[in-house]
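Some notes on the structure that comes next.
Here, each number is a calculation from the coordinates, and none is a lab measurement. Predicted model, so just to flag it, every value in this text is computed and none were measured. Cβ: placed from backbone, ideal geometry, glycine included. Neighbour counts: every protein chain shown.
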Amino acid sequence: MPRKETIYLAGPDVFRPDANAHFQRIKEKAHSMGFEAFSPFDSEVRPENLSGLDLARHIFQENEKLIQRCDLVLANCNAFRGALVDDGTSYEIGFAAALGKTIYGYIDARKPLPEIVASRIPVTDHSSGYPIDEDGFLVNEDFGNSINLMLEYSIEQSGGKLIEGDAIRALEVMTRDLLS
């Protein structure tokens with residue numbers, strides 16, 4: 001029997017109150033489509049008596065190992081705790097891109113980034129013609145991309161896609177692209 005393609009599930013979903021059940025649904029769907037998926041909870045090495053920064057370091061190292069082991073990354077690119085992609089997910093996308101992994105991302109709606117930002121954080125008009133946020137930064141990444149351009153084009157350059165929809169929709173696109 002041929003080896004299944006493996007997928008690392010990146011995203012802030014680890015912070016959901018139903019994280020384990022959420023990942024289990026995605027893993028089952030991935031399995032039914034011919035993939036084997038791993039969440040950040042699937043570390044081979046369990047922390048014993050770790051807390052604080054030692055535990056955080058362990059989680060970081062184990063997540064990197066999982067990304068290295070997997071063939072593909074499927075990243076939740078929806079805004080998290082603000083207007084943009086979760087920082088940890090951003091790192092995982094960049095790390096996977098540097099390793100030459102194929103990356104697929106998903107987002108609820110492929111709207112222009114300034115529209116997403118304005119719907120998530122307060123912005124006001126500025127004389128430049130671009131909105132400005134409360135921290136004094138222009139919302140001028142107005143190229144048509146839906147997430148930070150470095151992330152969107154890391155995904156594209158990897159051979160993957162940024163997909164409008166949820167993880168299941170992204171798995172359907174991955175299946176069509178990779179297994180057909």
Which ordering of Met33, Met150, Met174 is given by a fewest-first count of other beta-carbon atoms within 10 Å? Met150, Met33, Met174
Over the chain, with a Gaussian network built from C-alpha contacts below 10 Å, which listed residue (Ser43, Ser128, Ser146) shows the highest mean-square fluctuation? Ser128
Considering only DSSP beta bridges where both residues belong to the chain, give the percentage that are antiparallel (nearest 5). 20
Per DSSP H run of at least 4 residues, take -39500 (n - 2.57); add these up for the chain, divide by its residues and hand me the 222 nm value, nearest 500 deg cm²/dmol. -13000 deg cm²/dmol
Have a look at Asn63, Asn140, Asn78 and tell me which one the Gaussian network model of the chain (Cα, springs below 10 Å) gives the largest fluctuation. Asn140
Can you find, among Leu72, Phe35, Thr124, the residue farthest towards the positive end of the dipole of the chain? Put +1 on the C-beta of Lys and Arg, -1 on that of Asp and Glu. Phe35
For each of Asp13, Asp125, Asp166, Asp135, count neighbouring Cβ atoms within 10 Å of the residue's Cβ, then give the residues from fewest to most. Asp135, Asp125, Asp166, Asp13
Positive-end extreme of charge dipole, the chain - chosen from Thr89, Ala167, Leu55 (charges on Cβ): Ala167
Taking Cα atoms only, helix 19-32 is inclined relative to the longest principal axis of the chain by an angle, in degrees rounded to 10, of 70
Amide H contacts under 5 Å for Leu162, restricted to residues at least 5 apart in sequence or on another chain and with H modeled in the peptide plane, are Gly105
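Take Ser127, Ser154 and order them by how many other Cβ atoms sit within 10 Å, fewest up front. Could the numbers behind the result be given before it?
Numbers: Ser127 6, Ser154 22.
Going from sparsest to densest Cβ surroundings: Ser127, Ser154.
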Given an 8 Å cut-off on Cα distances and at least 6 residues of separation, report the relative contact order of the stretch 1-47 as a percent. 49
Please list, in order along the stretch 156-168, the HN-Hα scalar couplings obtained from phi with the Karplus expression 6.51 cos²θ - 1.76 cosθ + 1.60 (θ = phi - 60°), rounded to whole Hz, x for Gly and Pro. 4, 5, 6, x, x, 8, 9, 10, 7, x, 9, 4, 5
Build a GNM of the chain with springs between Cα atoms under 10 Å: which of Ala21, Ala30, Ala83 gets the top mean-square fluctuation? Ala21
Relative contact order of the chain, please, whole-number percent, based on alpha carbon pairs below 8 angstrom and at least 6 residues apart. 23
To the nearest 20 debye, what is the magnitude of the charge dipole of the chain about its Cα centre, counting +1 on the Cβ of each Lys and Arg and -1 on the Cβ of each Asp and Glu? 640
Please turn the phi angles of the stretch 89-103 into ³J(HN,Hα) values with the Karplus equation 6.51 cos²θ - 1.76 cosθ + 1.60 (θ = phi - 60°), one per residue in order, whole Hz, x for glycine and proline. 5, 4, 4, 4, 4, x, 5, 5, 4, 5, 7, x, 6, 7, 10
Karplus 3J(HN,Hα) series, Hz, for the stretch 131-145 with 6.51 cos²θ - 1.76 cosθ + 1.60 (x for Gly, Pro): x, 10, 8, 5, 8, x, 9, 5, 9, 10, 7, 10, 10, x, 6
